[in-house]
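Just so it is clear, none of the values below were taken in a lab; they were calculated from the coordinates. Since this is a predicted model, take the numbers as computed values, not measurements. Cβ: placed from backbone, ideal geometry, glycine included. Neighbour counts: every protein chain shown.
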Amino acid sequence: MRNDSDNLIVRLTFELALDVVSFSEKIRANNRFEMASQIFRSGTFIGANIREAQNAESKRDFIHKFKVSPKEADELEYWLKLCQSSEHYPNPDEKLLKNLKSVILIISKIISSSKKV
């Protein structure tokens with residue numbers, strides 16, 4: 001069985017996904033199903049793509065799979081900003097936003113480093 005506990009980005013994106021699940025359930029509890037689904041999908045796909053990249057068949061495949069994650073992260077950030085700006089949705093907590101920013105920075109660094117090697 002694979003052990004990802006030592007892999008920082010796998011661990012961070014998993015923790016981010018857990019926070020996203022909790023926040024999307026908070027929105028779902030207010031009967032805002034569409035927004036909850038958008039947040040859930042984009043927020044959990046980040047880590048799913050990172051995890052998939054761990055089994056890449058080549059360096060090119062690894063980079064390609066990693067490049068999907070920032071797109072999902074950007075989408076998640078968009079939905080969270082909508083929640084912040086709308087009176088109809090709860091505000092995401094600062095921890096979620098901070099962790100998302102950290103994940104985006106780390107993913108960007110991994111992509112740029114992988115291209116250089």
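Things to note:
- Residues located in segment 65-107, provided they are without any contact (Cβ under 8 Å) to a residue 60 or more places away in the chain, surrounded by 13 or more Cβ atoms within 10 Å (Cβ to Cβ) and among the aliphatic types (A, V, I, L, M): 68, 73, 76, 80, 82, 97, 104
- Some residue of segment 98-107 being touching a helix residue (DSSP H, G or I) at 6+ places or on another chain (Cβ under 7 Å), part of a helix (DSSP H, G or I) and closer than 17 Å to residue 25 by Cα: no
- The set of residues in segment 41-62 that are of a type outside the set (D, E, K, R), farther than 15 Å from residue 10 by Cα and surrounded by fewer than 17 Cβ atoms within 10 Å (Cβ to Cβ) contains only 58.
- Just one of the listed residues (23, 66) is aromatic (Phe, Trp, Tyr) and out of contact with any Leu (no Cβ under 8 Å at 6 or more places or on another chain), namely 66.
- For segment 22-40, the set of residues classified as touching a residue at least 60 places away in the same chain (Cβ under 8 Å) and within 17 Å of residue 97 (Cβ to Cβ) consists of 23, 26, 27, listed by residue number.
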